[in-house]
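Since every read-out is calculated from the coordinates, none of them should be taken as a lab result. From a predicted model like this one, the values you see are computed outputs, not experimental measurements. Glycine also receives a Cβ, built like all others from the backbone with ideal geometry; neighbour counts cover every protein chain displayed.
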Amino acid sequence: AQSVTQLGSHVSVSEGALVLLRCNYSSSVPPYLFWYVQYPNQGLQLLLKYTSAATLVKGINGFEAEFKKSETSFHLTKPSAHMSDAAEYFCAVSDLPGTYKYIFGTGTRLKVLA
Amino acid sequence: DTEVTQTPKHLVMGMTNKKSLKCEQHMGHRAMYWYKQKAKKPPELMFVYSYEKLSINESVPSRFSPECPNSSLLNLHLHALQPEDSALYLCASSQDPGSSNQPQHFGDGTRLSIL
């Protein structure tokens, strides 16, 4: 069965510092992986997706993620944090083909310090 | 701005009331989803519609009744809810049912409070 682990339920960074949010997955088939952001009182917004085309995926708002099969990881990074990046971030993996399901990680709350 | 529109944004109801949540998308997506999200938790899948037919019901209590009148609309009818049903209800859609590489697009949700 697929699963997703997000290490660190809370991450704090200073404004302008590197953002690194960790996501590890387990999958019996080549995975499709997604990162979403959720701002307070809003739904989930797609940041980026990995669908086996390129291992380094660029998303919106300056975020990117690298798929590393050997490490079963799909960590999210941003070179320089902005106050507006403070939000909840979810990593998700598609379940088996045809099941429509996402398996979500437990989420990481990013706090950006001035 | 989200391309999946949910109404109302907030709903307060008593345990004996009947109400409905509405979701609309005009992206031509053929899969639509209802999720329930409690505070500080990831969304939990409730229902999936594929080509307007219910394809997944994640053992949701019958007090929640989904309906898909057409390919753009998804409703969630609520009746005799319990206080523990208070949550953010999210609707999502994706382009191609059964295609695992298609991302889901989420609405901003309805914040439901049960008195």
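Close amide H pairs (under 5 Å, H built 1.01 Å from N) link B:A87 with B:L112, residues at least 5 positions away or on another chain.
Report the antiparallel proportion of the DSSP beta bridges in chain B as a percent, rounded to a multiple of 5. Walk me through the numbers before you get to the answer.
Details: 38 of 42 bridges.
Bridges in chain B that DSSP calls antiparallel: roughly 90 percent.
For B:S72, no residue whose modelled amide H falls within less than 5 Å of its own remains once neighbours fewer than 5 places apart on the same chain are excluded.
Taking K and R as +1 and D and E as -1, what net charge do the other residues with C-beta under 9 Å from the C-beta of B:K40 add up to? Walk me through the intermediate numbers first.
Details: positive: A:R109, B:K38, B:K41; negative: A:E88.
Surrounding charge for B:K40 is +2.
Rounded to the nearest 20 debye, the dipole size of chain A about its Cα centre is 100 debye, using +1 on the Cβ of Lys and Arg and -1 on the Cβ of Asp and Glu. How large is the translational diffusion coefficient of the protein assembly as shown in µm² per second when you combine the Kirkwood radius over alpha carbon pairs with Stokes-Einstein at 10 °C and 1.306 mPa s? Translational D for this selection: 88 µm²/s. Protection proxy ranking of A:49-60, B:66-77, by the mean of other Cβ atoms within 10 Å over each peptide's residues and highest first, is B:66-77, A:49-60. With 27 Å as the limit on Cα-Cα distance, the pairs of A:K58/B:K38; A:K69/B:K40; A:K49/B:K38; B:K9/B:K38 that go past it are A:K58/B:K38; A:K69/B:K40. In summary, the range A:1-51 shows an alpha-carbon radius of gyration equal to 1.35 times the 2.2 N^0.38 Å reference for compact globular proteins. Considering only A:L20, A:L44, A:L33, the Gaussian network model of chain A with Cα springs below 10 Å gives its largest mean-square fluctuation to A:L44.
Restricting to bridges with both residues inside the protein assembly as shown, how much of the DSSP beta-bridge set is antiparallel, in percent to the nearest 5? Don't jump to the answer; show the numbers that get you there.
Details: 71 of 80 bridges.
About 90 percent, rounded to the nearest 5.
Give the average over all directions of the projected area of the C-alpha convex hull of the range A:66-114, one decimal, in nm².
4.7
For chain B, the Cys residues with no second cysteine's beta carbon closer than 4.7 Å are B:C68.
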